[in-house]
Each structure stands twice: as structure tokens, then as C-alpha cells.
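Right, one structure below, let's go through it.
The values are calculated or read from the model by the stated rules, or taken from the named source; none is laboratory data. For clarity, every value in this text was computed on a predicted model and none was experimentally measured. Methodologically, a virtual Cβ is constructed for each residue, glycine included, from the backbone with ideal geometry; neighbour enumeration extends over all protein chains shown. When the accessible area is computed, the model is the full protein with side chains, heavy atoms only, and any ligands, DNA or RNA have been set aside. Shrake-Rupley method; radii C 1.70, N 1.55, O 1.52, S 1.80 Å.
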Amino acid sequence: MSTAPDTARPTAYPHLLDPIELGPLRLPNRVVMGSMHTGLEDRVWDLPALTAYFVERARGGVGLMITGGYAPTRRGWLKPLASDMTTRLQAMRHRDLTGAVHDAGGAIALQVLHAGRYGYHPLSVSASAVKSPITPFKPSALSAKAVDQTATAFARSVALAQKAGYDAVEIMGSEGYLINQFLAARTNHRDDEWGGSASARMRFPVEVVRRTRELVGDFPVVYRISLLDLVEDGQTWEETVELAHRLEEAGVTVFNTGIGWHEARVPTIITQVPRAAWRSLTARLKAEVGVPVCASNRINTPEVAEEILASGDADLVSMARPLLADPDFVVKAAEGRADEINTCIGCNQACLDHVFSNDKASCLVNPRACRETTLVLLPVPDAEPRRSVAVVGAGPAGLAAAVSAAERGFAVTLFEADAELGGQFRLAMAIPGKEEFAETLRYYRRRLEVLGVDVRLSTRATAADLAAYDEVVVATGVVPRVPEIDGLDHPSVVSYADLLSGRATAGARVAVIGAGGIGVDVSHYLTHEPGETLEDWMAHWGVGDPAEDRGGLTTPRPRKPVREVTLVQRKTTPIGIGLGKTSGWAHRAVLKQSGVRLVSGAAYDRVDDEGLHLTVDGRPTVVECDTVVVCAGQESVRGLYDELAESRETGLHLIGGADVAAELDAKRAIEQGTRVVAAL
Ligand code: FAD
Ligand code: NAP
Ligand code: SF4
């Protein structure tokens, strides 16, 4: 195994771009695209779309891509009729996919995943009949014979993957799926040969790997090992190391690493998790084993990846969502164009939130992800006269439209009234844990420059300015709603926009009106203790050392909120219920950790010197405060569009918040901006 950089090649990322051998498989670089279920795996008719998705990333230079999970048995399905690799016919159907990836210069591994008790169906099975807190179905306990058969089924799936033309497999042993369920006392209550002691609980994964190796010769086998379970009665570090030694002996070629079961109540990948937060555990594993080890989770830039490799913490780096966000991540890094990478911001809004809602994955910053065959930005033919496009507003909708139009070959002018790009998204960047959002604006800024878009900042476009353009895309966005509440002109009242842009400040006691996404974010902003280090973050979430605390869980250290905040809404539903499926719980937990007082079912009476007066459950009450921040939703800015619509019959388009303000988010804004241009 070579770890020395190729010094002959001038690059900022010599370690990242250094080839590596995994058994008979030579990879051109250290980038692994980690497994992500996209929803395109489950149906035969989606295979061409799945192929296009992987081919685009193979062309983008990814070293090794790993598919979403394929079950080794039907009882191991993630959901009814989900993907499995159990028959020769299925394997043959994958040959077009693997062939196309190879033609594009890539390498691809199939992930074999048995969902165990995470299977969202009544036939789910596990080590013991212990229901998971995140699925409604109680699994049946596998009989001893069925455990034995399941281990063999894993090996058969791997052999089928080999026949299907895959270059490797990954056996999913982390994130709380079946193999993890066998390993932890939390879910393995057996007293036969597959349980009872930590050593006996390891028998199942060891048998899976041993039988696999027996069946497939030197075929590369990646094993995804859980370094930190983050659940009660999870594994200790000593157990993890013993498991790694036994798996290595059984024939693992490379260890990929996983952090946290899906049911863990510690965030592991969302944007508020510090970058590369878990790398030290990867380094600890690497010191214990002789095969290569791959780092994962919240690694989203070539700089971070390079630094992990250069410091010797890992041999490979896994990035899944960053390659949804930008299929050309590797090639851009290699060509010295890292500033053009469309960085994953860890929002989960279009990837995991979709998958966990039974929808197909995509990406907030790259709506073409997983839609490579249907959302196509065709270049305008050279023979056609170059049409002009004016985009008004440089929020996410307008930025996506301007860049997409320039990529297609239109002559684009982008008008922005403000002195900077970004619109409301710039306010989002001010929220602690959403700093990554700045990367999206860096990406757009650089792409506009490279594509030669005529960007006119501090220019509020008028109808007259736009008369000469062939196409006008209006993306004038939203402004904060000013609700009708008595006393809203009191000096203590500020809008979230004024607060987050620094035009207004808040006192020590604050009432927040409106508990949507922005109200929750503003409450976090107001209570946040500045200067939080990685150690502080771990301590607040109760992450300990798995060598001392089983599962890596310890007592959380309380936060010290810098303000006293009360968050109010009129609805009676739980606060923050509309937040993202895979991130909302973490935002709600931060509010709790920060002592934010939540008031639901309120009617707003007035604001005065005393504070915010409410009626709750028919009783008047007052939130004594120095500042009231209004986060009561937004309204569309439509004046310009309405004016243009009077004189233009064609070539006028309305997108983003200017189109519909309700339930607006950047996902919709960027997708709409891209789609409108694809259709021009
Ligand atoms: P806007 O962002 O409002 O942009 C419109 C732009 O048009 C503005 O820059 C404005 O100056 C300009 N403009 C208006 N009129 C003219 C004119 N006549 N000439 C030139 N320019 C003009 N979304 C998410 O998806 N996920 C999140 O986690 C998230 N968090 C958020 C947190 C906060 C604190 C905030 C405030 C928002 C958050 N959002 C989030 C919402 C997201 O930022 C918005 O949905 C998105 O910005 C809307 O995009 P837009 O382009 O439609 O409008
Ligand atoms: P929102 O989610 O629609 O919430 C607006 C809030 O204002 C609601 O809680 C509503 O609650 C209240 N409200 C509405 N009209 C009011 C009135 N007339 N008087 C008093 N209160 C009123 O909008 P938002 O918080 O402004 O967020 C905008 C968008 O940004 C959202 O759609 C969201 O998707 C996106 N965003 C997402 C995230 C994220 O983490 N994914 C974070 C921030 C923002 P009641 O009616 O119950 O009072
Ligand atoms: Fe990353 Fe968000 Fe895109 Fe998912 S949707 S890949 S988290 S930017």
C-alpha cells in the first residue's frame, strides 16, 4: 500500500490524488463515494437513471463509488420490495450499470446491507425481538439456523455482485443495521452461539466475512465498521478493536468507518456537526489494523480530506453527499479549480429527508443529482443567435437561474439590489451551525465569474432596464411579514432580517414571535455561546470516549445560554414540527439544551415597555423582555413582475419566493431556478 504523494504532479492535494491498491483493485485516488440510498435502487426501470448518476461521478474522477444498500435476503429489505441482490437475474441486470461505469473510467462497489430491525415492513428480523425506536414494526428473532443461513446469504450476495461486474463490495456493519444489532448487547439478547458474550456477538460478522472470502477469492471486501454506536449498551472501544482484528483475519480488504446508529440522539452528519468531527477515532482504528482505513462523515472539501490523509489519520476518505452536490469534485480539485466545487452544506433537505420520506434523493445545491436523465441543461447550438437573459435578484433562485443560463450558453445579466449576492441565504449563514451556507455563495460567485455573467450589484432593476432582453427571469424573493399586532412600532421590536444582518441588536431577555424554521434558528442564534470548540460540542451532546463510556455516551454538559429566550407560536402543534425529518430533532434538542422557553397556542395582544403580551389558554400573560424579534414568515416581492407582465407577453418567468412565499426554502428556490432555465 503506497501512501507517498506523487511529488511530480503539481497539486494542492497530493495525498488525496495518490493512487492506492485494494487487493487486485487499483484506484486512481483516495476518494470513496460513500453509500447513499437514492431510491433509484429499488425498481428495475430506474436502473438507467441510476447508471447515469454513477457515470456522471465516474467521469468526475471519483476513485471508488459505493452503491446504496442491497439486501442479502428479502427479510433484510429496507422497506417492502426494496433493493436486494439475491438472484442471478438481478446480477445480470446490473451488468449494464457496471459496464457503463467502467467505460467512464470508474470503479464501483455494491453495498450489501441487511436492515434487520430497521426494516420498514412486518417481516423484519433481528438478533432478538427488540423493536427499534424509529420503526413501527417489532422484528422477529432469527433462529440459530436462520442466522447461519443469513451469514451465507451475505456471502452469496457478494458473489452475485462479483458476477454483476462490480469491482468490490461493502458489507454494511454499522449505523445500527443487522450486523450492528448482533454486536451490541442493546439488541442482542441471545444465549446461543450467536450471543451471550461480546465475543460471541461478534461471531455473526466474522462468519459473514469468512464465508464471503471463501466464496470470492481475492475480490476486494470493504467492511463498514461502527467506531461509535452512540446508543446505550453499544460497543466499547475494546470490543471494536477485537472485532476489527477478527475481521481482518477473516479477510477484510479495507475498513470503512461509520458513526452512530440511526436511532442515536447525537447528530453525526448534519451541518451543525463540526467538519471531520470523528477523524480521531479513524486514526485510532488505523493504528490497530494492517489494512487501509477510510474516514467518513462531515468531510466536504478537498482541503479537509487532504489534511486527514496527510496527517496519517486515514488511508482513504469517504464522501457521499459531497459527490451528490458536485459530481466533478475530484476533477475540479485535481485541475486546481477547487474554488468551483459546489460544496455539500450538510442540510439533508433533498437527500436524506427525501429518502426517509420515501421520495427519491436529490441535492439542495444540485437539483440535477439523481435526475441526470430528466433535468438536463442542454447547450444552446452554436448556429443559433445568442439570446440574452436578464435575471433579477441574486438570492438562491436567481443565482441558480443565472449560472444555469450561462452554462447553457445564453448571454446573462444578473441584477441585485443589494451590495452582495445571496438574498435571504446570507442571513442563514449567520446562524451557528449554518456557516457552511457561505460555501454555496462562494460557489455561485466564482461560477458567475468563470462563466462571464454580467453581475450588477447595488442595482435595483426597473421595467425599463429589462425591456431589451429576450428572456427575463424575476427572482425578487421575499421580505419579512409584518403581522398586525398592537405596538409593533415599539423600539424593542426588530425583524429577524435586521437582527441577523447586524442592523439591530438584542437585549438580555428576548421574545421571538413565530416558531417556523427561522424562529427556531433565531432562538439558537440568540442563545448561542460563542467560540464553541469541537470538545465543547462533544460535551454538550454527551459524546464520550468509547474506551471509557460504553457506546461513547456520557452525561451531556449543559449549555450556558447567553440570553433568556421565549419562542412563541399561535399553533398548538409541537414547536419545530415542520423542520427537516432528519435534522429537526437536533434543532429542537439544541433549543432544549439552551433553555429556550416554548409557548404554543398563543394569541398576540400587544407589545409595550413591559414586553410581549399574550393570551394563552384564555389567560393573559406577559413575556417580560428587552427585545421582540419578529419571525412571522415572509411575503413575495412581486411589484416588478406585475409591472412587466403588463407589457411582455413572452419571455417572462417568475421563480423562488417571488413566485410563492409560503413554505419557501432554498431547495425549492434553486430547483425552480434550474428548471426554468432548462426549459428555455
Ligand atoms: P431571496 O433570498 O429573498 O432573494 C431575492 C433577492 O432579490 C434579494 O437579494 C433582493 O435584494 C433581490 N431583489 C429584489 N428586488 C430586486 C430588484 N428589483 N432588482 C434587483 N434585485 C432585487 N432555506 C433552506 O432551504 N434551508 C435552511 O436551512 C434555511 N435556513 C434559513 C435561515 C434563515 C435565518 C433564513 C432567513 C432563511 C433560511 N432559509 C433556509 C430560507 C432561504 O434562504 C430562502 O428560502 C431563499 O433565500 C429564497 O430564495 P429567493 O431567491 O427566492 O429569494
Ligand atoms: P414559516 O416556517 O412559514 O414560519 C412562519 C411562522 O410565523 C410560523 O411559525 C407561524 O406560526 C408564524 N406566523 C405566520 N403568520 C403570522 C402572523 N400573521 N402573525 C404572527 N405569526 C405568524 O416561515 P419561516 O420561519 O419564516 O421560514 C421560511 C422558510 O425558510 C421556511 O419555509 C423554511 O422551510 C425555511 N427554513 C428552513 C430551515 C431548516 O432548517 N430547514 C430553517 C430556517 C428556514 P403560527 O401561525 O403558529 O404563529
Ligand atoms: Fe448535501 Fe444538502 Fe445536498 Fe444533501 S441536500 S447532498 S446535505 S447539500
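Provide the gained length on full extension for the span Thr87 to Ala12, in nm with one decimal, where the gain is 0.36 nm per separating residue minus the Cα-Cα distance.
22.5 nm
Among the complete DSSP H segments of the chain, which ones combine at least 24 Å of alpha-carbon extent along their axis with a mean Kyte-Doolittle hydropathy of 0.0 or more?
Answer set is 144-163.
Classify segment 635-676: rounded, prolate or oblate, from the alpha-carbon gyration tensor (a ≥ b ≥ c, eigenvalue square roots; a/c under 1.5 rounded; otherwise prolate if a/b is larger than b/c)?
Oblate shape, in that a/c is at least 1.5 and b/c is the bigger or equal ratio.
Please compute the Kirkwood hydrodynamic radius over the chain, one decimal place, Å, based on all pairs of different Cα atoms.
Details: mean 1/r = 0.0375 Å⁻¹.
In the chain this quantity evaluates to 26.7 Å.
In whole Hz and in residue order, list the ³J(HN,Hα) couplings for segment 75-88 that follow from phi through the Karplus curve 6.51 cos²θ - 1.76 cosθ + 1.60, θ = phi - 60°; x for Gly and Pro.
5, x, 4, 6, 8, x, 6, 6, 5, 9, 10, 10, 10, 5
Can you give the local net charge around Pro620? Use residues other than it whose beta-carbon is closer than 15 angstrom to its beta-carbon, Lys and Arg +1, Asp and Glu -1.
Summing Lys/Arg as +1 and Asp/Glu as -1 gives -4.
Once the other residues with Cβ under 13 Å from the Cβ of Glu242 are scored (Lys, Arg +1; Asp, Glu -1), what is the net sum?
Spelling it out: positives minus negatives among the neighbours equals -2.
Within segment 479-531, report the trypsin sites (Lys or Arg not before Pro) that DSSP leaves as loop and that have at most 15 other Cβ atoms within 10 Å. Don't jump to the answer; show the numbers that get you there.
Working: sites: Arg481, Arg503, Arg509; in loops: Arg481, Arg503.
Here the sparse-neighbourhood loop sites are Arg481, Arg503.
Which net charge results when you count Lys and Arg as +1 and Asp and Glu as -1 among the other residues whose beta-carbon is under 9 Å from that of Lys360? The partial results should precede the final answer.
Details: positive: Arg371; negative: Asp46, Asp359.
Value of the local net charge: -1.
Leu652's amide H: which non-local residues (gap 5+, or another chain) put their own amide H closer than 5 Å, with H modeled 1.01 Å from N in plane and none for Pro or chain starts?
The list, which skips near neighbours in sequence, is Val472.
If amide hydrogens are placed 1.01 Å from N in the peptide plane, which non-local residues have theirs closer than 5 Å to the one on Ile20?
Answer set, sorted by chain and number: Leu27, Asn29.
Please list, or write none, the lysines whose alpha carbon is within less than 25 Å of the alpha carbon of Lys332, excluding same-chain residues fewer than 8 places away.
The qualifying lysines are Lys434, Lys667.
Stokes-Einstein D for segment 493-632 at 20 °C, 1.002 mPa s, Kirkwood Rh over Cα pairs, in µm²/s? Walk me through the intermediate numbers first.
Values: Rh = 16.1 Å.
Calculated translational D: 133 µm²/s.
Would you please name the GluC sites (Glu not before Pro) within segment 126-221 that are DSSP coil residues with at most 15 other C-beta atoms within 10 Å of their C-beta?
Values: sites: Glu170, Glu175, Glu193, Glu207, Glu214; in loops: Glu175, Glu193.
Sites meeting the loop and neighbour criteria: Glu193.
Calculate the spin-label point distance for Val44 paired with Glu242, positioning each point 7 Å from the Cα along the beta-carbon direction, and give it in nanometres.
Taking the two extended label points, one gets 4.7 nm.
Loop-only GluC sites (Glu not before Pro) in segment 408-516, please: DSSP not H, G, I, E or B, and at most 16 other Cβ atoms within 10 Å.
Glu420, Glu435, Glu484
From the phi angles alone, apply the Karplus equation (6.51, -1.76, 1.60; θ = phi - 60°) to segment 259-272 and give each ³J(HN,Hα) in whole Hz, x where the residue is Gly or Pro.
10, x, 6, 4, 7, 4, 9, 10, x, 10, 9, 6, 4, 6
With every protein chain kept in place and ligands, DNA and RNA left out, what is the accessible area per residue of the chain? Probe 1.4 Å, answer in Å².
39 Å²
Working with all protein chains in place, sort Leu309, Leu78 by solvent-accessible area computed with a 1.4 Å probe, largest first.
Of Leu309, Leu78, the descending order of accessible area is Leu78, Leu309.
What percent do you get for the relative contact order of the chain when only Cα pairs under 8 Å and 6+ apart count?
Worked out over the chain, it gives 12 percent.
Could you pull out the pairs from Lys360/Lys581; Lys560/Lys581; Lys79/Lys360 whose alpha carbons sit more than 21 Å apart here?
In this structure, Lys560/Lys581 lie more than 21 Å apart at Cα.
Roughly what % of DSSP beta bridges within the chain run antiparallel, to the nearest 5?
25 percent
Express the carbon and sulfur contribution to the solvent-accessible surface of the chain as a percent, rounded to the nearest whole number, probe 1.4 angstrom.
50 percent
Roughly how big is segment 40-156's charge dipole about its Cα centre, with Cβ charges of +1 (Lys, Arg) and -1 (Asp, Glu), in debye to the nearest 20?
For this selection, approximately 440 debye.
With θ set to phi - 60° and the Karplus curve 6.51 cos²θ - 1.76 cosθ + 1.60, what are the ³J(HN,Hα) couplings of segment 484-490 in order, to the nearest whole Hz, using x for Gly and Pro?
Computed from phi, the couplings for segment 484-490 are 8, 10, 4, x, 5, 8, 5 Hz.
How high is the FRET efficiency from Arg265 to Ala468, r the C-beta distance, R0 56 Å, rounded to 0.05?
The calculated FRET efficiency here is 0.50.
Would you pull out the residues with amide H under 5 Å of Glu170's amide H, same chain only if 5 or more places away, H placed 1.01 Å from N?
Hits under the 5 Å cutoff: Leu110, Gln111, Val112, Val222.
Ranked highest first by average number of other Cβ atoms within 10 Å, how do 51-57, 220-226, 243-249 line up?
Result, highest mean Cβ count within 10 Å first: 220-226, 51-57, 243-249.
Given Cβ point charges of +1 (Lys, Arg) and -1 (Asp, Glu) and nothing else, what value in debye, to the nearest 20, does the dipole of segment 430-477 about its Cα centre take? Mind showing how you got there, number by number?
On the way: 7 positive and 8 negative charges, 36 e Å.
Here segment 430-477 has a charge dipole of around 180 debye.
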